[in-house]
Amino acid sequence: MRWGTAGRMVIAWLVTLPAAALVGGLSASVVKHGGNLGTALIALVAAAVAAFIVIASRRNPVHADNVNETHEVTIRTEASSDVRTAA
């Protein structure tokens, strides 16, 4: 068993469940106080979020050839030359 993976899964659940409760409570409040307009607003926001997730998921598709690959993240130590400092 990979305990590091299990730990990340536990942390993900500890973040996901309260976040889902918060989103659900906020949505219920908007629907309750907004009536039909609130319902339409929540439906539009949900559709926009779903569309974003679908579009983002197509950037790096997972298939049988790459499902077990690890992805290395490169961290730059220096800023690009085209980045200016804040005045």
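The values are calculated or read from the model by the stated rules, or taken from the named source; none is laboratory data. It should be emphasised that the depicted structure is a prediction, and the values quoted were computed from it without experimental measurement. Reconstructed Cβ throughout: ideal geometry from the backbone, glycine too, with neighbour counts over all protein chains shown. Ligands, DNA and RNA are stripped out before the accessible areas are found, and what is left, the full protein with its side chains, is counted by its heavy atoms. Shrake-Rupley method; radii C 1.70, N 1.55, O 1.52, S 1.80 Å.
Brief remarks on what is shown
- Residues being open to solvent by 80 Å² or more (accessible area, probe 1.4 Å), assigned to a helix (DSSP H, G or I), farther than 25 Å from I42 by Cβ and not aromatic (F, W, Y) - total across segment 1-22: 5
- Whenever a residue of segment 33-47 is without any contact (Cβ under 8 Å) to a residue 12 or more places away in the chain, its partners that are assigned to a helix (DSSP H, G or I) and surrounded by 10 or more Cβ atoms within 10 Å (Cβ to Cβ), lying with C-beta atoms within less than 6 angstrom and at least six residues away or across chains, give the pairs G38/V30; G38/V31; T39/V31.
- Test: residue in segment 51-65 that is outside any helix (DSSP H, G or I), acidic (D, E) and modelled with pLDDT under 80: no
- Evaluated against (1) modelled with pLDDT of 95 or more; (2) loosely packed, with under 10 Cβ neighbours inside 10 Å, A47 falls short on exactly one condition, (2).
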